[in-house]
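**Q** Below: one structure in structure tokens.
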Amino acid sequence: MFIRRLPRFTYHEPDSVEETVGLLAKYGEKAKILAGGTELLVKMKRREVVPDHVINLKRARDVAEIGIQRTEAGELKVGALVSIFEMERDAAIRTSFRCLFDAAKVFGTPQIRSLATIGGNIANAAPSADFAAPLLCMGAFVEVRGLDGVREIPLDSFFLGPEETVLSVTDVIISFRIPKPGQYSSSCYLKMMRRTASDLAVAGVAVYLELENDYRRCKDVRIALATAGPTPLRAYQGENRLKGNELSDALIEEVASAVAFSDARPRTTWRGSEWYRREVIRAFVKRALRNLWSEIREKGERRL
Amino acid sequence: MKWVGKSVERKDARVKVTGQAKYADDLYAPGMLYCKMLRSPVSHARILNIDVSRAKALPGVKAVVTGKDFPGIPFGVRPDTRDQLSMPITKIHHFGEGLVAVAAVDEDTAEEALDLIRVEYEELPPILSIDDALNPDLPPVNEFRSTNIAYESHFEFGDVEQGFRKADYIKEETFTSQRVSVGFIEPHACLAQVDASGRILLQASKQSPYITWRHICRALDIPLSKLRIVNPYVGGAFSGKHDPFDIDFAVIKLAQLTGRPVKAVLTYDEVLAAYRQRNSMRVTMKIGAKKDGTITALEARCYLQGGPYSGIGPFNVYFFGAFLPVPYKVPAVRYDGYLLYSNLPPCGTVRGQEIVLSQYARDVLLDIVAADLDLDPVEMRLKNAVDSGYRTVNGIYIDVSGLKDCIKKVAERIGWENHKKTKRPNVGIGFSCAGHPSGPRLGGHFGSSVVIKLEEDGKVIVTHGGTELGQGVNTVMCQIVAEVLGIDYEDVLPGVSDSDTTIFDSGMFGDRCTFWTGNAAIRAAEDLKRQLAEIVAKDLGCSPEELVFENRAIYSAKNPEKKVDFLLAARRAYYEYGQPLYGRGYWAATDIEIVDWKTGKGNLTHGISFIATAVEVEVDPETGVVRPTRVACAKDSGQPINPMLLDGQVIGGTVHALGHALYEQVLYDDKGRILNYTWRDYKQPVSMDVPEFVVDHIITTDPYGPFGAKGGGETSTCSTLAAVVNAVHDATGLWIKDLPVTPEKVLRGLKDMKG
């Protein structure tokens, strides 16, 4: 009920992902991976999770050393152990993967940002996870190592339910691959909080928008939502209304309503009612699309 | 003046910012045991049996106590509200209530022991609402009382019927306010030691060590001299640390049983779930006014929902009513106030006490009237604001009022005239005023006292009965003493708050310290001056009366050549005459009557201080989010002793109340279990939420205050809530009469307004 000191557990510090997977195979459900610890340790102190074995991933060099890489093809690779603070400070993320920067900025507090990792945020699979919606809208892939080696999972088929993913107990997230954004594109993440910082999302909207070179026709769009259902989710109905069409205020209204009332499946809790969450999602989808549209246009005009 | 009115560095600034200050949790005693409490998972139940045998048998556990280990004597603020036990015996009263305390060699063992305790209980229907408490068919919450009405007061001043007859316009509205937590940084912590003579030493984070001391001794049935209280540094209190708590009683009893020191430190989720909160409120208020906005009468029926114990609730009921006719001229007031029991966490109060709530409801009602009568809210306030030399209808005498200047100043600072002309969409400005006592006179011990010890090196140590909670009283007392003795601020050091050497003030509340303890400090410094003057006069060959204390020297006013250094005077006292000197002083407002809380009769206090607050907000019409952008406060605290500290109090108090207005709310389910008892889920404002501030001091001279000063710490909290609500109305046209002003309420209101 109330927070307590940590329960007893056996602590492991494997040197590699392979060794980590071996430990997971050995201890199964009785083990938990420690990355930043900002969720796990609190849950353990509340006795919501009481693992016999805690495996600290941070010493596994082959995942710890990945960091943030920009490939020659323009893709972004982010190691699972990259902290939110590192995401916030990375120049490439700030300029070309804006929604990830937005998410880092509104994530917890500076203290939590310096500990928490992007891998932990996704593995934890909370419907309110701040990086889930931005990574979803960027079309990200999760690189996972399990007993059968390494495989890549598209993030939009990764989440199954609240704190539930397709990962098995022997899987470890190694990194995220984020495809190169299109030429006339930008992205953002808008998060509704009860106060300006240190808060969970009442609702969150991440949008990736790519236009044709006329700055009007939508070449590609991905819209993802936080705290709008049992998992972070893609708003396909809204996206489909927009894709291939010319942006207009009327269409933006229509898309926003489709996302809020067809895609979103929010619940009423003490953090916010279903009604309010839908209203916020509608407002944020409109705001995101309008802002991105003018941003892309301005960027293009500057280029000319 | 050399030191009064100067923003000198806080006495505790360096030790605090370097982390050297020792708070209760930093204390360590050899052989110390650690105490943890088993807490109730339900809000209302009869205790059938508590089996602690397995916990006691756990290696490392040294003692286990329950309510049965105490004498069973209830304590309370008033003789008619003694309704709380050290620890519960027959009943569980609220979620998180401490039922069993364990002392063990370390915290892990103590926590492990909690899992081995079995509590059998039979659940009772919880009393969770005002209407539940008023329903006589539901069971009483408190075992010492047969009703869930804990206390009531009924005031009638002036001719209320005539007041409403004279009114051109009458408006009645109902306002509510939510339960909020207190919000200090340091969680409750305490360390108890018992020596071989049986004398107890308690070092705890306490706001009013006197209140703690009295209540503990009563509940333990021991004389006061058996308990010594020493206050370490305190990390904020805001009225949340007056009373003794279950952990204070538990560590004392466990120390008595084991003969070893015992320490308890709460986690903050325990504080948020189970310790002091502010009453929730429902008030129906009726106002009568002339066409020009002159108030003719005010009537209020107010329910304050407390927890299972009265605590200082009766005083809250009084304060709410007493400040209905402050700071505006109200010729007639009728008030019915009730304190209700509930199975929610116990209530004390929070900064500004329930004056916060009465000023909120009345100042929103005032704006509603202004809007209906098409009057400017600033003009309306100026028309009704009290002047110097005014006696309120309930008998509170206003010696000096700078309120009108405060109102004009904030209207100017926030740009009110320009705002009215160039109405910006979704931006609003709201005003509120408030008055607050500078320490009320209560029954029982009510004086303040100060002792100044002169050191051989010409420095002095000031020991006073107030409590340094972070508000800066030690600094202010040192400034006052330096001023009177004509020595430097650096020459004056704050002493330790210790019941063996300090006569504690009766309680640290109601903006008391600067005014009451400050007056005692002046008298103590004058007493020391008198003694030094006698010694020096002999040497200088002049009369003690003609000596002046200035610039670390003592000289004759008639012949300034006759002069001696303050340091040399101190040395002469010690070395020539064998006279170590102490200055003693006390102060008490004996000229004001003790107030009758039941009828509200009596002049409560000197030095009513005033504030006007203007808040500018931006409202997001698509999400309902209200963002405070600018705040202007103008404060009449008489002559500020330390303007920087007063600024800090005004800004801090305003931000504290912005939390109450916009973010904070203790939430619970239908069984009375608290839902949001973590800092993540309990939404206090964070630094990013703080708007831009302008604070002005309207300097007046109070005839009773030290150097003309009045209190200043709590008034700003009283004038913020209404200013926010009024600003939201100015921006949107919506009246939000149920706090907090959540984005959801605003958005719903905007949608409803559009139809």
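**Q** Once phi is turned into θ = phi - 60°, what whole-Hz ³J(HN,Hα) does the Karplus curve with 6.51, -1.76 and 1.60 give for every residue of segment B:566-581, x standing for Gly and Pro?
**A** In residue order, the calculated couplings are 4, 4, 5, 4, 4, 5, 4, 4, 6, 8, 8, 10, x, 10, x, 9 Hz.
**Q** Something else about it: Within segment B:112-137, list the residues whose amide N lies under 16 Å from a label point set 7 Å along Cα→Cβ of B:K68.
**A** In segment B:112-137, the label zone of B:K68 (backbone N under 16 Å from the point 7 Å along Cα→Cβ) covers B:117-122.
**Q** For segment A:209-254, divide the Cα radius of gyration by the Kirkwood radius and give the resulting Rg/Rh value with two decimals.
**A** So for segment A:209-254, dividing Rg by the Kirkwood Rh gives 1.04.
**Q** Another question, if that's okay. At A:S16 and B:M644, where each label point lies 7 Å from the Cα along Cα→Cβ, what is the point-to-point distance in nanometres?
**A** 6.0 nm
**Q** Per residue and in Å³, how big is the convex hull formed by the alpha-carbon atoms of segment A:1-61?
**A** About 67 Å³ per residue, rounded to a whole number.
**Q** Give me the percent of accessible area attributable to carbon and sulfur for segment A:40-169, probe 1.4 angstrom.
**A** 49 percent
**Q** Long-range amide H contacts for B:G235: which residues qualify at under 5 Å (H placed 1.01 Å from N, peptide plane, sequence gap of 5 or more or a different chain)?
**A** For B:G235, the qualifying residues are B:E186.
**Q** Let me ask something additional. Go ahead and estimate [θ] at 222 nm for chain B from helices alone: -39,500 (n - 2.57) per DSSP H run with n ≥ 4, summed, over the residue count, rounded to 500.
**A** -8000 deg cm²/dmol
**Q** Taking every pair of alpha-carbon atoms in the protein assembly as shown, what share in percent sits in each 20 Å bin, from 0 to the bin with the longest distance?
**A** Spelled out per bin, shortest first, that is 12, 37, 35, 14, 2, 0.
**Q** Something else: Could you do me a favour and compute the accessible area per residue for chain B, 1.4 Å probe, result in Å²?
**A** On a per-residue basis, 34 Å².
**Q** Order of B:96-102, B:674-680 by packing, highest average Cβ count within 10 Å first?
**A** Output ranking for B:96-102, B:674-680: B:96-102, B:674-680.
**Q** Which of the trypsin sites (Lys or Arg not before Pro) found in segment B:371-426 are loop residues per DSSP with 12 or fewer other Cβ atoms within 10 Å of their Cβ?
**A** Sparse-neighbourhood loop trypsin sites (Lys or Arg not before Pro): B:K423.
**Q** Just read off the accessible area of A:H12 with the full protein assembly in place, 1.4 Å probe, to the nearest 10 Å².
**A** 30 Å²
**Q** Probe radius 1.4 Å, ligands and nucleic acids left out: which of A:W293, A:W275 has the largest accessible area, and how do the rest follow?
**A** Greatest to least solvent exposure: A:W275, A:W293.
**Q** Average partner chain C-beta neighbours within 10 Å, per residue of B:16-27?
**A** Mean shielding count: 0.
**Q** If you filter segment B:145-197 for chymotrypsin sites (Phe, Trp or Tyr not before Pro), then keep DSSP loop positions with at most 15 other Cβ within 10 Å, what is left?
**A** Sites meeting the loop and neighbour criteria: none at all.
**Q** Around B:I611, which amide H atoms from residues at least 5 apart in sequence, or from another chain, sit under 5 Å from its own amide H, with H modelled in the peptide plane?
**A** B:A434, B:D636
**Q** Another question, then. Relative contact order of segment B:378-527: what whole-number percent is it, with Cα pairs under 8 angstrom and at least 6 residues apart?
**A** 23 percent
**Q** If you place +1 on the Cβ of every Lys and Arg, -1 on the Cβ of every Asp and Glu, and leave all else neutral, what size is the dipole of segment B:182-258 about its Cα centre, to the nearest 20 Debye?
**A** My answer is approximately 220 debye.
**Q** Shielding by partners for B:106-116, please: the mean number of other protein chain Cβ atoms within 10 Å of each residue's Cβ.
**A** Rounded to a whole number, the mean comes out at 2.
**Q** Further question on the same structure: Rounded to two decimals, what is the ratio between the C-alpha radius of gyration of segment B:217-353 and 2.2 N^0.38 Å?
**A** 1.42
**Q** How much accessible area per residue does chain A have, counting only protein heavy atoms and a probe of 1.4 Å, in square angstrom?
**A** Accessible area per residue, chain A: 43 Å².
**Q** Counting only protein heavy atoms, what percent of the accessible surface of segment B:286-363 is carbon or sulfur at a 1.4 Å probe?
**A** Summing carbon and sulfur atoms, their accessible area is 51 percent of the total for segment B:286-363.
**Q** Rounded to the nearest 100 Å², what is the buried accessible area between A and B, both sides summed, probe 1.4 Å?
**A** Buried surface at the A/B interface: approximately 3100 Å².
**Q** Could you tell me the distance between the Cα centroids of segment B:396-466 and segment B:241-313, to the nearest Å?
**A** First find each Cα centre; the distance between them is then 23 Å.
**Q** Rounded to a whole number of µm²/s, how large is the Stokes-Einstein D of segment B:104-244 at 10 °C and 1.306 mPa s, given Rh as the Kirkwood radius over C-alpha pairs?
**A** The calculation lands on 76 µm²/s.
**Q** Over all directions, how big on average is the projection of the convex hull of the alpha-carbon atoms in segment B:35-178, in square nanometres?
**A** One quarter of the hull surface, i.e. the mean projection, equals 12.7 nm².
**Q** Using the membrane-span-like helix rule (whole DSSP H runs, Cα extent along the own axis of at least 27 Å, mean Kyte-Doolittle hydropathy at least -0.5), which helices of chain B qualify?
**A** B:518-540
**Q** Restricting the calculation to Cα positions, tell me the Rg (one decimal) and the Dmax (whole number) of chain A in Å.
**A** 19.5, 63
**Q** How large is the charge dipole for segment B:14-136, taken about the Cα centre, if only the Cβ atoms of Lys, Arg (+1) and Asp, Glu (-1) carry charge, to the nearest 20 debye?
**A** So the magnitude is around 500 debye.
**Q** Could you rank B:Y121, A:Y215 by how accessible they are, 1.4 Å probe, largest area first?
**A** Correct descending sequence by accessible area is B:Y121, A:Y215.
**Q** Just to compare against my own numbers: the Cα pair-distance distribution for chain B, 10 Å bins, whole % per bin, please.
**A** Once binned at 10 Å, the Cα pair distances of chain B give 3, 14, 23, 24, 19, 11, 5, 1, 0.
**Q** Of all accessible surface on segment B:124-273 at a 1.4 Å probe, what whole percent is carbon and sulfur?
**A** C and S fraction of accessible area: 51 percent.
**Q** Moving on to the next point. Only loop residues by DSSP count here, and only those with at most 13 other Cβ atoms within 10 Å; note down the GluC sites (Glu not before Pro) in segment A:13-114 that meet that.
**A** Taking segment A:13-114 and a limit of 13 other Cβ atoms within 10 Å, the loop GluC sites (Glu not before Pro) found are A:E48, A:E65, A:E72.
**Q** Quote the accessible area belonging to A:R287 in square angstrom, nearest 10, computed with a 1.4 Å probe and with ligands, DNA and RNA left uncounted.
**A** Rounded to the nearest 10, that gives 60 Å².
**Q** Based on the mean of other beta carbon atoms within 10 Å per residue, what is the order of A:250-256, B:650-656, most packed first?
**A** B:650-656, A:250-256
**Q** Going highest first, how would you order B:473-481, A:20-28 by mean Cβ packing within 10 Å?
**A** B:473-481, A:20-28
**Q** Using only the heavy atoms of the protein chains and a 1.4 Å probe, how would A:L40, A:L76, B:L375 rank by accessible area, largest first?
**A** Final ranking, largest accessible area leading: B:L375, A:L40, A:L76.
**Q** If you don't mind, there's one more thing I want to ask. Given the whole protein assembly as supplied and a 1.4 Å probe, what does the accessible area of B:V666 come to in Å², nearest 10?
**A** B:V666 exposes around 10 Å² with every protein chain in place.
**Q** Let me ask something else. In Å³ and rounded to a whole number, note down the convex hull volume per residue for the Cα atoms of segment B:1-46.
**A** Per residue, the Cα convex hull of segment B:1-46 comes to 235 Å³.
**Q** P(r) for segment A:136-229: what percent of alpha-carbon pairs falls in each 10 Å bin, starting at zero?
**A** Each 10 Å bin holds this share of Cα pairs: 14, 34, 33, 17, 2.
The values are calculated or read from the model by the stated rules, or taken from the named source; none is laboratory data. Because the structure is a prediction, the values reported are computed rather than measured. Methodologically, a virtual Cβ is constructed for each residue, glycine included, from the backbone with ideal geometry; neighbour enumeration extends over all protein chains shown. These area figures cover heavy atoms from the full protein model, side chains too; ligands, DNA and RNA do not enter into them. Shrake-Rupley method; radii C 1.70, N 1.55, O 1.52, S 1.80 Å.
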